[in-house]
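Novice: Please read through the structure below; I'll follow up with questions.
The values are calculated or read from the model by the stated rules, or taken from the named source; none is laboratory data. Note that the coordinates shown come from a computational prediction; the quantities given were computed from them, not determined experimentally. Cβ sites come from the backbone with ideal geometry, for glycine too, and all protein chains shown count toward neighbours. In case anyone asks, the SASA skips ligands and DNA or RNA and just uses the protein heavy atoms, side chains included. Shrake-Rupley method; radii C 1.70, N 1.55, O 1.52, S 1.80 Å.
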Amino acid sequence: MSRGPVVLPNAKVKVGTQKKSRLSMRHVAPWFFLIPSLLILGTFLIIPILEAFQWSLLDYKIIAGTGEFVGLSNFKEIFTDANFWMALLNTFIFLIIVLPLNVFLPMILAVLVNQKIRGVSTFRILYYLPVVTPMVVAALMWKMLYSQSGIISGILVKLGLFDSPTNLLIQSSTALFAVSMITVWKGLGYYMIIYLAGLQSIPKDVYESASIDGASVFQQFRNITIPMLAPSVTLVSVMTIIAGMKVFEEIALTTGGGPSGATTTLVMYIYKKFMNLDVSIASAAGIVLLVLAIGASLLQMKLTSSREDDLRA
Amino acid sequence: MGKQINKVVTGTLAAALSMSLLAGCNKEGAEKTSTSKSGELSGEVTLWTASLAGEPFDTYFDELEKKFEKLHPDLDVTIEDIPQNEMEQKVLTSLTGKDVPDVVNLNPHYMSNIAAQGGLLDLTDMVSDKTKNSFVEGPYKSGIYEDKLYALPWYLTTTISWYNGDHFDQAGIEDLPTTIKGIYDTAKAITDKTGKPSYYPVINDGNTIMEKMVSLSNGKSMVKDGKAVFETNKDIIDYFTYTQKMYKEGLIPQETAEGSLKTGQELFMAGNTSFLEGGVTFLGPIESGAPDVYKASKAGQPLESESAPVNVAVMNFAVPAKTKNKEAAVALAEFVTNAENQLEFSKTAGTVLPATKDSLEDDYFKNPGESPKALGMLQASESLERAKVLIPPTESSAELRESTKNIFVKNLQGKLTPEEAVKQLSSEWNKAFEKSDEKVTF
């Protein structure tokens, strides 16, 4: 004769209550930890975004604090403004220049400073120095380097790239490239550290096995290092895209958006409009930038994650 | 239960965010009205100056503050200096918040931008006719926007020319050029001797080019009822043609495209450029930074016909509409800009002119001495006789300046022909006036 389990009349209720109580605590507690972040995020991110969206739909007079509802006409105005398209194109070109350099140069540096050789810590510090150099100092230094009588101009003449000393920041055709080099230089050390952390998480025995199997250093880099660094590549790419879309300081300090708007990026365009008290236009352009930044980051993450899966397969 | 709590927490957070948003949207705030007891001024009043910190200005403003407080014992005056390059941001931030200064030092173009949004107090009926008549006409008009007085003129700088006497001697040139062709010939002769670019046209944010265009037009209108009419103006096309030619031939330094007077100062100080136009303040850093160049520096009249109008750059004092103490603010603005205090300020600064008629009669401006700076002051006070605010404050001024700078640089670098550049500029100005619906003439 088989006997079923003895169930006390109130046992179910008791167990249920305990389970519910534990679940509740588990659900509520995280919110308390999140409150400070949510408040900060709300105050400095969500509210400004909502306010910018609100302003973009008004003909807003920021000093008077009032504005008439004008629907999407601010968006229409920026989309018919040649300067806006030029700023958008400049932002895109800036990203095209900076993205591959920011992804690959720090990776190579990280591989180099990941070696067990004497004095490597000094190199790590040296490469990190630009990161902690204030942008104002960096901009002044690069302005001197780029000046007509500066070292870069001299080198370009010696290489035969220019007939006479040329300030790259002053020429419309080279100014954006010249500014983007400052961005690359400034971010080199920071991204190198990200890659360095990624490299140090790769098990050494993978390289040892590859070495025993006769793989060359280049083959190890191509088939082990790059695939294993895929998460770092994603991180660096996304960070570069977001930073590139909101590039401002180096441009404001070196060219001010010139010559003839050749280095006016989207943020510079927004800044100029805002300072001219065209806050509704600035807000509309800001919303466009936000949408583009979210879109580009999502696309980049999707593309990179599928590439990571391929590489791991 | 858990779901309910989640909903409560989410709802509370959403409500908190909405409340903050609503609070953030409320721009009115709690404003205190101005206070005056039985006609006597009382309370607190704050005045902002632009980049006038350190000696000798600290002593000057301390004395000024004491004198005003002695006149109005119930008033507490605070004078605060804001760096020039932060002024616009700081003014904008304060005007959109509650902590506004009562009197603020602005340039006419930014003043008109703020006035257009109702940010400044209309002083038309608050200032006496005696005060209004005490100012030189041109600078006084720079405080007027849409027929209302929004600011009182304080100190001025007029455009003069500065040149390196040694370089001119080397090239055997005795007289300053007065035409654009003359500028080209002079620049070529000096560059041939020194081997360095010699002429630096200051662009700034585009305003100096706009002013130069008006000077060169010499009486011919540039804009009539909000329509640009300079498209076929030969003098302006010549100006664009010769500057492009000079840039191409290396007579103008590449750095000109950056536009700033500061860069021109650095090049002049290093002996890498020989002549340019600017205010008397130009020589300040050169006196301490390059004494030899300072000694060789000479001042002259602007590089155009002697009958052409010259621009006067004005720094003025405006009163934000949100001031909590209107009467005291206006009284302070009038006090700081009266003839006696303006004269004293000009002597303290040593490189600016006062905006009051009486102050300019002082011997200090008639016989300033023999130093390069003093001779510059003499030239500036002479050019003041034909000086005007050449570009009136308009709502479109930011767009006009930006398009002028961009198109002038494109022309300079040969991206457009001079004719194309002038045509494009004319079209950009028309677009700006059309947008703001302004029927200005200048």
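Novice: So if I check each of B:A333, B:A290, which one is among the small types (G, A, S), away from chain A (no Cβ under 14 Å), more than 26 Å from B:I209 (Cα to Cα) and in contact with a strand residue (DSSP E or B) (Cβ under 7 Å, 6 or more places away or on another chain)?
Specialist: Selected residue: B:A333, the only one of B:A333, B:A290 that is among the small types (G, A, S), away from chain A (no Cβ under 14 Å), more than 26 Å from B:I209 (Cα to Cα) and in contact with a strand residue (DSSP E or B) (Cβ under 7 Å, 6 or more places away or on another chain).
Quick grid of which residues meet (1) within 28 Å of B:D62 (Cα to Cα); (2) surrounded by 14 or more Cβ atoms within 10 Å (Cβ to Cβ); (3) of a type in the set (V, I, T):
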residue: B:T96; (1), (2), (3): no, yes, yes
residue: B:M111; (1), (2), (3): yes, yes, no
residue: B:A116; (1), (2), (3): no, yes, no
residue: B:T124; (1), (2), (3): no, no, yes
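Novice: Kindly state which helices (runs of 4 or more DSSP H) lie completely within region B:80-159 and contain at least 3 residues that are more than 21 Å from B:A387 (Cα to Cα). Quick ask: steps written out before the conclusion?
Specialist: Details: elements: B:84-96, B:108-116, B:129-134, B:137-141.
Fully inside region B:80-159 and qualifying: B:84-96, B:108-116.
Novice: Then there's this: Does any residue of region B:365-373 turn out to be buried (at least 22 other Cβ atoms within 10 Å of the Cβ) and touching a strand residue (DSSP E or B) at 6+ places or on another chain (Cβ under 8 Å)?
Specialist: no
Novice: Between residues in region B:158-173 that are among the charged types (D, E, K, R) and residues that are assigned to a helix (DSSP H, G or I), which pairs lie under 7 Å by C-beta distance while being six or more apart or on different chains?
Specialist: B:D166/B:A296
Novice: So the check is Cβ under 6 Å with 6+ separation or different chains; which pairs have a first residue in region B:284-311 that's free of Cβ contacts under 8 Å to residues at least 12 places away in the same chain and a second one that's small (G, A, S)?
Specialist: Between residues of region B:284-311 that are free of Cβ contacts under 8 Å to residues at least 12 places away in the same chain and residues that are small (G, A, S), there is no close pair.
Novice: From the set of residues in region B:375-398 that are within 16 Å of the chain's Cα centre (by Cα) and outside any loop (DSSP other than H, G, I, E, B), which is farthest from the other protein chains (Cβ to nearest Cβ)?
Specialist: Restricting to residues being within 16 Å of the chain's Cα centre (by Cα) and outside any loop (DSSP other than H, G, I, E, B), the top hit is B:L384.
Novice: Conditions first: (1) more than 16 Å from B:T394 (Cβ to Cβ); (2) open to solvent by 30 Å² or more (accessible area, probe 1.4 Å). B:K224 passes all but one, so which condition is the exception?
Specialist: Going through the list (1) more than 16 Å from B:T394 (Cβ to Cβ); (2) open to solvent by 30 Å² or more (accessible area, probe 1.4 Å), B:K224 breaks only (1).
Novice: Return a yes/no flag: does region B:134-149 have any residue that is of a type in the set (G, A, S), surrounded by 18 or more Cβ atoms within 10 Å (Cβ to Cβ) and within 14 Å of chain A (Cβ to nearest Cβ).
Specialist: no
Novice: Within region B:264-294, track down each residue that is of a type in the set (V, I, T) and either assigned to a helix (DSSP H, G or I) or farther than 16 Å from A:S147 by Cα (or both).
Specialist: Across region B:264-294, the qualifying residues are B:V280, B:T281, B:I286, B:V293.
Novice: Among (1) open to solvent by 20 Å² or more (accessible area, probe 1.4 Å); (2) at pLDDT 95 or above, there is one condition B:P73 misses while meeting the rest; what is its number?
Specialist: (2)
Novice: Among the residues of region A:37-90, which ones are open to solvent by 60 Å² or more (accessible area, probe 1.4 Å), away from chain B (no Cβ under 12 Å) and in a helix (DSSP H, G or I)?
Specialist: A:K76, A:F79, A:W85, A:L89
Novice: Please give the number of the condition B:T208 fails out of (1) assigned to a helix (DSSP H, G or I); (2) modelled with pLDDT of 95 or more.
Specialist: So B:T208 meets the others, but not (2).
Novice: So which of B:G250, B:G219 ends up being out of contact with any strand residue (DSSP E or B) (no Cβ under 7 Å at 6 or more places or on another chain), away from chain A (no Cβ under 14 Å) and not in a helix (DSSP H, G or I)? Please lay out each step first, then the result.
Specialist: Working: B:G250 fails: away from chain A (no Cβ under 14 Å).
Answer to the selection: B:G219.
Rundown of residues vs (1) at positive phi; (2) more than 14 Å from chain B (Cβ to nearest Cβ); (3) open to solvent by 40 Å² or more (accessible area, probe 1.4 Å); (4) in a helix (DSSP H, G or I), yes/no style:
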{"site": "A:P259", "(1), (2), (3), (4)": "no, no, no, no"}
{"site": "A:T263", "(1), (2), (3), (4)": "no, no, no, no"}
{"site": "A:A282", "(1), (2), (3), (4)": "no, no, no, yes"}
{"site": "A:G286", "(1), (2), (3), (4)": "no, yes, no, yes"}
{"site": "A:V291", "(1), (2), (3), (4)": "no, yes, yes, yes"}
{"site": "A:A296", "(1), (2), (3), (4)": "no, yes, no, yes"}
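Novice: Out of the helices (runs of 4 or more DSSP H) lying entirely within region A:92-196, which hold 3 or more residues that are free of Cβ contacts under 8 Å to residues at least 40 places away in the same chain, within 13 Å of chain B (Cβ to nearest Cβ) and open to solvent by 80 Å² or more (accessible area, probe 1.4 Å)?
Specialist: none
Novice: So A:D59 fits all but one of (1) touching a strand residue (DSSP E or B) at 6+ places or on another chain (Cβ under 7 Å); (2) under 29 Å from A:W185 (Cβ atoms); (3) not basic (K, R); what number is the exception?
Specialist: It is condition (2) that A:D59 fails.
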